[in-house]
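Below is one structure, written out as structure tokens, with a few remarks after it.
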Amino acid sequence: MTDIALVTGASAGFGIAIVERLIADGYKVVGAARRFEKLQELAKRLGEDFYPLEMDVTDRSSVDKALASLPTSFEPISLLVNNAGLALGLDKAYEADFEDWLTMIETNVIGLAYVTRKLLPDMVKRNHGLIVNLGSTAGTVPYPGANVYGSTKAFVKQFSLNLRADLAGTRIRVSNIEPGLCEGTEFSNVRFKGDDERAEKLYEGAHAIQAKDIAETVSWIASQPEHVNINRIEIMPTSQTFGAQPVYRDL
Ligand SMILES: NC(=O)c1ccc[n+]([C@@H]2O[C@H](COP(=O)([O-])OP(=O)(O)OC[C@H]3O[C@@H](n4cnc5c(N)ncnc54)[C@H](OP(=O)(O)O)[C@@H]3O)[C@@H](O)[C@H]2O)c1
């Protein structure tokens, strides 16, 4: 029987690349996002192995309605890729927009937790399933302006590990992918609220990670034999590394 995957955030960036890769790997894929027209374009291109699903992960009734509307040919979900997420702003905590903080928490934390909570019982009942979360190096490495974004990704990391603890004795697997600088997605355009020039500058000469690299990682995790669980995988471009911790003297 063909395994069925649900990829959230399938209308852009990593999501599109992950959908394409999973279909090439033989999955049938449900792609979820708010911008349904983008998913429909994808459906035209990908054909009958793709099912476009309008869903806002921050709205529980939207998630309930969307999941309840899945045709039987796209159920049950065995692979959940919790990819929908965003960063908003890069301002210091004492200057940042609190509404942006709420949106990040509602999307990256509550949305991810709710979609997982909805799909997990059926995986446990069938004793079969894999959840791949999209965390970030920002969930481990602090940087100025990452305040709430980094904290939401720290939640995703710890939630992934805690799910593993709860799923002990089952065959359900959980992985957290933690990328560093990635280009070719809408991530920075969203973060900088349409200041595309600023977004573009960030990647100049950086040879950053591409969406297809992340899709390849999801595919590799999913292709491991059932006795192998990849807990966490951190990926940075070769051009990105760690810095010294600054000490401000005589403050
Ligand atoms: N790019 C990077 O440098 C980077 C690095 C580390 C981690 N990540 C993480 O990787 C994931 C994907 O990032 P990306 O670079 O591919 O970003 P992207 O190009 O901006 O794509 C984000 C996706 O999330 C969806 N989304 C946002 N809010 C949503 C909501 N409320 N409900 C449903 N879908 C929603 C968007 O679709 P709609 O707008 O159509 O809803 C879009 O499809 C995110 O979790 C991000 O935090 C990215």
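The values are calculated or read from the model by the stated rules, or taken from the named source; none is laboratory data. Since we're looking at a predicted model, the values are computed, not measured. Cβ coordinates were reconstructed from backbone atoms using ideal geometry, including for glycine residues, and neighbour counts include every protein chain displayed. Note: accessible area is taken over every heavy atom of the protein model, side chains too, but ligands, DNA and RNA are not part of it. Shrake-Rupley method; radii C 1.70, N 1.55, O 1.52, S 1.80 Å.
Of the listed requirements (1) part of a strand (DSSP E or B); (2) touching a residue at least 24 places away in the same chain (Cβ under 8 Å), LEU22 misses just one: (1). In summary, ALA215 fulfils each of the numbered conditions (1) buried (at least 21 other Cβ atoms within 10 Å of the Cβ); (2) small (Gly, Ala, Ser); (3) farther than 24 Å from LEU22 by Cα with the single exception of condition (3). For first residues located in region 112-138 and of a type in the set (S, T, N, Q), partners that are more than 9 Å from the ligand (Cβ to nearest atom) and open to solvent by 10 Å² or more (accessible area, probe 1.4 Å) and lie 6+ apart or on another chain with Cβ distances below 8 Å form the pairs THR116/PHE159; THR116/LEU163; ASN127/THR170; ASN127/ARG171; ASN133/PHE159; THR137/GLU234; THR137/MET236. The single residue among GLY139, GLY129 that is under 20 Å from PRO237 (Cα atoms), open to solvent by less than 60 Å² (accessible area, probe 1.4 Å) and not aliphatic (A, V, I, L, M) turns out to be GLY139.
Just one of the listed residues (PHE98, PHE36, PHE50) is open to solvent by less than 40 Å² (accessible area, probe 1.4 Å) and either within 15 Å of the ligand (Cβ to nearest atom) or free of Cβ contacts under 8 Å to residues at least 60 places away in the same chain (or both), namely PHE50. Of all the numbered requirements in (1) over 25 Å from THR185 (Cα atoms); (2) part of a helix (DSSP H, G or I), ALA113 misses one, and that requirement is (1). On the given criteria, is LYS38 of a type outside the set (A, V, I, L, M), touching a Ser or Thr at 6+ places or on another chain (Cβ under 8 Å) and outside any strand (DSSP E or B)? The answer is yes for LYS38. Among the residues making up region 116-140, those that are farther than 14 Å from ALA87 by Cβ and either assigned to a strand (DSSP E or B) or within 11 Å of the ligand (Cβ to nearest atom) (or both) are GLY129, LEU130, ILE131, VAL132, ASN133. Of all residues in region 209-251, how many are within 12 Å of ILE177 (Cα to Cα), outside any helix (DSSP H, G or I) and either of a type in the set (Phe, Trp, Tyr) or within 16 Å of the ligand (Cβ to nearest atom) (or both)? Going through region 209-251 one residue at a time, the tally reaches 5. Per the listing ILE23, ILE4, the residue uniquely under 29 Å from ARG126 (Cα atoms) and either among the polar types (S, T, N, Q) or touching a Pro at 6+ places or on another chain (Cβ under 7 Å) (or both) is ILE4.
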